[in-house]
1. Could you tell me which numbered condition Ile306 fails, if it satisfies all but one of (1) assigned to a loop (DSSP other than H, G, I, E, B); (2) of a type in the set (A, V, I, L, M, F, W, C); (3) in contact with a Pro (Cβ under 7 Å, 6 or more places away or on another chain); (4) modelled with pLDDT of 95 or more?
2. Checking the condition out of contact with any Cys (no Cβ under 7 Å at 6 or more places or on another chain), hydrophobic (A, V, I, L, M, F, W, C) and under 30 Å from Lys567 (Cβ atoms), which residue from Val379, Val334, Val321 passes?
3. If you go through segment 385-404 one residue at a time, do you hit one that is in a loop (DSSP other than H, G, I, E, B) and either modelled with pLDDT under 95 or within 25 Å of Asn439 (Cα to Cα) (or both)?
4. For segment 76-92, how many residues are farther than 11 Å from Arg18 by Cα and surrounded by 20 or more Cβ atoms within 10 Å (Cβ to Cβ)?
5. Of the numbered conditions (1) out of contact with any His (no Cβ under 8 Å at 6 or more places or on another chain); (2) closer than 23 Å to Ile227 by Cβ; (3) of a type in the set (A, V, I, L, M, F, W, C), Met573 fails exactly one; give the number of that condition.
6. Quick test for you: out of Ile39, Ile55, Ile90, pick the one residue that is out of contact with any Phe, Trp or Tyr (no Cβ under 7 Å at 6 or more places or on another chain) and free of Cβ contacts under 8 Å to residues at least 24 places away in the same chain.
7. Restricting to segment 529-559, name every residue that is among the basic types (Lys, Arg) and within 15 Å of the chain's Cα centre (by Cα).
8. Show the residue pairs that are 6+ apart or on different chains and have beta-carbon atoms under 7 Å apart, the first residue being within segment 434-458 and over 21 Å from Met346 (Cα atoms), the second being surrounded by fewer than 20 Cβ atoms within 10 Å (Cβ to Cβ).
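The values are calculated or read from the model by the stated rules, or taken from the named source; none is laboratory data. Quick caveat, the model's predicted, so the values are computed rather than measured. In this analysis, Cβ positions are derived from the backbone assuming ideal geometry, glycine residues included, and neighbour counts consider all displayed protein chains.
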Amino acid sequence: MIAVGRKYVFDFDSTLTRVEALDVLAELTLQGKTNKQEIVDEIQRITNLGIDGDISFTESLEKRIKLLNANKSDLAGLVSELRQKISKSIESNKEFFEKYSDDIYVISCGFKEFIDPIVKEYNIPSDRVYANTFEFDEDGAIVGFDAENPLALHNGKIECLKRLDLEGEVQVIGDGYSDYVMREAGIADKFFAYTENVHREKAAVNADHVTPNLDEFLFVNDLPRNISYPKNRIKILLLENVHPDAFENLSDDGFSVELVKHSLPEEELIEKIKGVHVLGIRSKTQVTQKVLDAANKLLVVGAFCIGTTQIDLEYCRRKGVVVFNAPYSNTRSVVELAIGEIIMLMRSIFPRSTEIHDGQWQKTAAGSREVRGKNLGIVGYGNIGKQLSVLAEAIGMRVYYYDINDQLALGNAIKCNTLEDLLNVSDVVTLHIDDNKANKNFIGEREINQMKNGAMLVNLSRGFVIDIEALATALKSGKLGGAAVDVYPKEPRANGEFYTELKGLSNVILTPHIGGSTEEAQRNIADFVPSKIMGYINSGDTVDAVNFPNIRLPKQSNAHRFLHIHKNVPGVMAKINEVLAKYEMNITGQYLSTDSEVGYVISDMDKEYNKDVVKALKKVEHTIKFRVLY
């Protein structure tokens, strides 16, 4: 609904644009000068002093123009640069400026010479732009400004707005001292501190509302906007010290992100998760039914790892909470560690290293063998198993594999029909099986006895898949010649003391669950998982979700998108379309995917619609979650 009688007064520098225009002009005019950076830094310092009201604006302007040494001919280049530096949320909400152009004013201490051509593209004519003007000499050099203009004076915006004598509620949107004093002087009704480009504390603490982007301002005022819900209102909680790139990726997209370096026990997480829309975790945080019941706004859980046993996936599905993980991002890291450990085990590197650390010199070839020509048995021929197969074959190993699913062999790898066949033939067995609870003690005393005498065992998958007691017994007896273990049945929540029965055994490599812990893998995960989170929040995509029907959606184009999650029972789709027909909605596209329990339907609609349809869709029987995107 159009707000009658309201006027919107925008600042220009660092509000409509991401920059201070005179700073950009300085960069252009001082190109090639040896003291360029020194002068630019000084101009920026003077700019900030003026914006914060620490020196008079007149003084700030005089000092900057003197330092600029600019010419009229430089202004075309400046305008061209500024066109590339429009604030992101301003640029994406052009419709607001077009629809409300009669009620929008620009009051700036900048200059009309570069402001007019920029705001003209946003349907704001020159007669609603109030700014300073340059004075030029006969050669076009900028030598000063019109000193009679009230905007050249300290608190000039107050005088300018007084003279305008605008009717109705006046709202000021800006980033600095000179903007909030208009409200302070009583000639503006509200001041919105615009912090998308710069956060000035003096402006923020005096604001009626801090708005980190134009979407927030438009949302608060119920005005037309590009997105239905400002991203800064979507709270994301990242636990367990996920890679800082994840924080950057999500923050740069506009979300409010909190980073916590450790996991949280259930009771703490229950309190912390209230009001959170997205939860990011690694392997230690347990997302239980109690946690999910307390999560009143949760839409997504992102697991910044491969495994998802720490998450109650079924209950998430019932709650309409989508879960993403990172099934491929650390594959190479795990494979490289496996190759390294296989070589170290076969060469008995670990005991030789321990001896040297203890001051012993035991140069011997006994128990030291090449991997070339040896048989590698890979249990679990998924992403990791297949890549390991290729690399192992490349260094001369004969590869055998076993998988409960029918998997096509890569290279010369040989498929084994039974686990026993693989164990019987392998010099080294490496485990890469999933976190299914049925895999507990997958390798126990019986399986170890089926292995070749002196064979090696590597576990980089899950701690519970090996019977640790049986493994320790086999290593002590000499049945197995060595082992490398990265995962354990019980792992501590944080760094500190840890005990395993494998401790101190010769030719046993123990690592603290670091198979995927490389800088490259963590960066990959920090890109992959946030991209899935953003895809779901921003457009409704569920591709690669581990607990939800997968839908890849086309890009929205001038439409509203209704996202409806419901129990998969007969008749729900018919009821949804019945509601849409009742409100005469024009459907431009509709997409449905279901699994055994949940249905996920997306309906794209023409831009204009009766808001009552949203209430009606939320009331459809068996609805789990509903939201609107535009």
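1. Failing condition for Ile306: (4).
2. On the way: Val379 fails: under 30 Å from Lys567 (Cβ atoms); Val334 fails: under 30 Å from Lys567 (Cβ atoms).
Exactly one of Val379, Val334, Val321 is out of contact with any Cys (no Cβ under 7 Å at 6 or more places or on another chain), hydrophobic (A, V, I, L, M, F, W, C) and under 30 Å from Lys567 (Cβ atoms), namely Val321.
3. Scanning segment 385-404, I find at least one residue that is in a loop (DSSP other than H, G, I, E, B) and either modelled with pLDDT under 95 or within 25 Å of Asn439 (Cα to Cα) (or both), so the answer is yes.
4. Residues in segment 76-92 being farther than 11 Å from Arg18 by Cα and surrounded by 20 or more Cβ atoms within 10 Å (Cβ to Cβ): 1 in total.
5. Exception for Met573: condition (2).
6. Residue meeting the stated conditions: Ile55.
7. Taking segment 529-559 and keeping what is among the basic types (Lys, Arg), we get 532, 552, 555.
Once the filter is applied, which keeps residues that are among the basic types (Lys, Arg) and within 15 Å of the chain's Cα centre (by Cα), segment 529-559 yields only Lys532.
8. From segment 434-458, the pairs are Asp435/Gly307; Asp435/Thr309; Lys440/Phe464; Gly444/Ala470; Glu445/Ala470.
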